[in-house]
Amino acid sequence: MKTKTIGQQLGRSSWAEPWKIKMVEPIHMISRNERAVALEKAGYNTFLIRSEEVYIDLLTDSGTNAMSDRQWAGMMMGDEAYAGSRNFYHLEEAIQEYYGYKYVVPTHQGRGAENILSKIAIKTGQFVCGNMYFTTTRLHQELAGGIFTDVIIDEAHDAQKEHPFKGNVDLRKVQKLIDEHGAASIAYICLAATVNMAGGQPVSMQNARELHALCKKYDIRIFLDATRAVENAFFIQEREEGYADKTLAQILKEFCSYSDGATMSAKKDSLANIGGWLGLNDRGLYEEGCNLVVVYEGLQTYGGMAGRDMEVLSIGIKESVQDDYMRSRIGQVRYLGELLMDWGIPITRPIGGHAVFLDAQKFYPHIPQEQFPAQTLAADLYLESGVRSMERGIVSAGRKKETGENYHPSLELTRLTIPRRVYTQAHMDIVAESVKNLYDVRDQKKGLKMIFEPKYLRFFQARFERL
Ligand code: PLI
C-alpha cells in the first residue's frame, strides 16, 4: 500500500481546510443530569434525542453538511416552477459532467432512488449482490422481491484487519452465484463506494474494472451506490498505482464508467442538506424510472426537491471534487481516528472516509452482542460527554426476511460520523478525550434490553432499557 500522510501530499506537516468560517451556530452542553433524563426519555436510542440536547453531533454525515457561500447564493437562484425548473437542468448537467450518466431522475434523497431502482430492476426471487449491505438499500431490494447476497471480501468482516481496499467485491463469490444459479438469477450488482457499514472502506479501481468485465461477460448490470464515491476516489488517488497524478474528478468519472447507473444520496458527498438522484445510461430504464418518480417523489424535473435544493446540489457536486477540500475532509476523520488509536482504543482499521468506527465488541468485551454493546456505547458516550454517535451493529442489521431471526453481523460498531465543514480540530480533541474517559471506566458499564422494535429499519425508532 502506497501511503503518504495528508501533510506529505501537501508538502507540509499538517493539513488545513481550504476555507474559513463566515457564519457560526452556537452549541452548548446541558448538564449530566439533564443528559441522563434525555437519554432515558429517548429509550437509549441516540436517534430519539433532541438535537438541542446534544453537544457535538456525530450521529451522521447525512444532510448535516455546512454549505459554502456559493451554495447559499445558489439558494437565491431557485426557480420554483413546478415543471422544467432551470435548476434541474443545472443539476442534470453537473451529474452528466462529473458522474457521466446520461439520464437523471431526481429524488428527495437516496432511498427515493433506491425505491425506484429496486422496483424497475428486480424481479421477485432474483438475487441482488452487494459489497456488504446498507440498511435502506437492502430493505428496498427485499421489498421489491430481491434476495440480498453479500459478496464483499472476507477481510471487510474483520474490524481489525488492515487492507487498502476493504470494500472490494470478491469476484469469486459473484462467479459462484453465477455458476450455481445462472446469470439470469442476478438482478444486478449493487456496488457501494465507499462501504458505510464496513467502516467507510473504499473499493479499488481495479476491482471495479474487473467486476465490470465479469458482469459484461454475463450481461449482468452494475448499479453504483455513489453516495460517497468522491471519498472513494480520494483513496484510489492515495493508494492505487497509477492514480496519484489524476484529479478526483477524473477518478470519479472513470469509476462511474464501470457501472450502468447509480443511486445517490446527495446529502453526503455533495455537501447539501437534502436531495438525491438516480442516474441511468439505458433509455428504457430511464423511462420506467420516470413512470415511477411521479408516483413516489414528484415530477421528473424536481423529484421532491425545491428548485433551490437542486441549485445547491449542482454547486456542491463541483465543490466535492476539489482535491484540497477532500484532503482536509479525510484528514479530519483521520486526525480523530489517529488520536484514538494512539490511546489504544479499538477502532475499525484502516480509518475510513466519513467516520471513525469504535469496535464496540472490543471496547465492551463483557457485553454480549444480544445486549447491544454498540448501542450501549453510543448511549454511554452521550451520557458521559454529550457527544452523539450511532449504532452500526446488531440493531442496524435487523432481522432476516425469510426466518425473522436476528442477523448477527461480525461487525458491532459505534460510528463517530464527521459532518462536512462543520466542526474544528478542537472539537475532534474533545470527542477523542470523551471516548478516552469512557474507555477508562468501561468495566463498569452494563448492556441494554430492547423493549420496542419497529418493523422496518428498527435502529431509527427502537427503544431500550438499561439491564
Ligand atoms: O438517507 P438517504 O435516503 O438519503 O440515503 C440512503 C443511503 C444510501 N446509501 C448509503 C451508503 C447511505 O449511507 C445512505 C444513508 N446513510 C445514512 C443516513 C447514514 O447515516 O449513513
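Laboratory data are not the source of any read-out in this text; all were calculated from the coordinates shown. This structure is a prediction, so every number in the text was calculated from the model and none was measured. Please note: Cβ atoms are built from the backbone with ideal geometry, for glycine as well, and neighbour counts cover all protein chains shown.
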- prompt: Can G275 be described as small (G, A, S) and under 17 Å from the mean Cα position of the chain (by Cα)?
  reply: yes
message: Give all pairs with beta carbons closer than 7 Å in which a residue from the stretch 223-249 that is of a type in the set (F, W, Y) meets a residue that is surrounded by fewer than 24 Cβ atoms within 10 Å (Cβ to Cβ) and in a loop (DSSP other than H, G, I, E, B); count only pairs at least 6 apart in sequence or on separate chains.
response: F223/D260
- request: Mind listing just one residue for me: the one in the stretch 434-452 that is of a type outside the set (K, R) and surrounded by 13 or more Cβ atoms within 10 Å (Cβ to Cβ) and, of those, farthest from R399 (Cα to Cα)?
  value: S434
- prompt: Across the stretch 255-277, which residue is surrounded by the fewest Cβ atoms within 10 Å (Cβ to Cβ) among those that are hydroxyl-bearing (S, T, Y) and more than 8 Å from the ligand (Cβ to nearest atom)?
  reply: S257
task: Working only within the stretch 401-431, note down all residues that are loosely packed, with under 13 Cβ neighbours inside 10 Å and either of a type in the set (K, R) or at positive phi (or both).
output: G404
field: Neighbours by Cβ (under 9 Å, 6+ apart or cross-chain): first from the stretch 88-102, at positive phi; second outside any helix (DSSP H, G or I) and not aromatic (F, W, Y)
entry: G100/S257; G100/G279; G100/N281
query: So which residues in the stretch 303-346 are free of Cβ contacts under 8 Å to residues at least 60 places away in the same chain and of a type in the set (A, V, I, L, M, F, W, C)?
result: M341
- prompt: What tally of residues in the stretch 55-74 results from selecting those that are within 15 Å of the ligand (Cβ to nearest atom) and farther than 22 Å from R458 by Cα?
  reply: 1
message: For the stretch 31-39, check the following and say yes or no: at least one residue is without any contact (Cβ under 8 Å) to a residue 24 or more places away in the chain and assigned to a loop (DSSP other than H, G, I, E, B).
response: yes
- request: Determine which single condition G284 fails, assuming it passes every other condition in (1) of a type outside the set (F, W, Y); (2) within 26 Å of F223 (Cβ to Cβ); (3) not in a helix (DSSP H, G or I).
  value: (3)
- request: Report yes if some residue within the stretch 30-45 is surrounded by 14 or more Cβ atoms within 10 Å (Cβ to Cβ) and within 16 Å of the ligand (Cβ to nearest atom); otherwise report no.
  value: yes
- request: Among the residues of the stretch 87-116, write down those that are within 16 Å of the ligand (Cβ to nearest atom) and assigned to a helix (DSSP H, G or I).
  value: L91, I95, G110, R111, G112, A113, E114, N115, I116
message: Would you confirm, using the coordinates I've provided, whether L59 is of a type outside the set (D, E) and assigned to a loop (DSSP other than H, G, I, E, B)?
response: yes
query: Given the conditions (1) surrounded by fewer than 24 Cβ atoms within 10 Å (Cβ to Cβ); (2) closer than 25 Å to A73 by Cα, and given that Y302 satisfies all but one, which numbered condition is not satisfied?
result: (1)
Extreme residue, nearest to the ligand (Cβ to nearest atom), among residues of the stretch 217-231 that are part of a helix (DSSP H, G or I) and in contact with a strand residue (DSSP E or B) (Cβ under 9 Å, 6 or more places away or on another chain): A229
- prompt: Do the conditions hold for E162, that is, is it free of Cβ contacts under 8 Å to residues at least 60 places away in the same chain and surrounded by fewer than 24 Cβ atoms within 10 Å (Cβ to Cβ)?
  reply: no
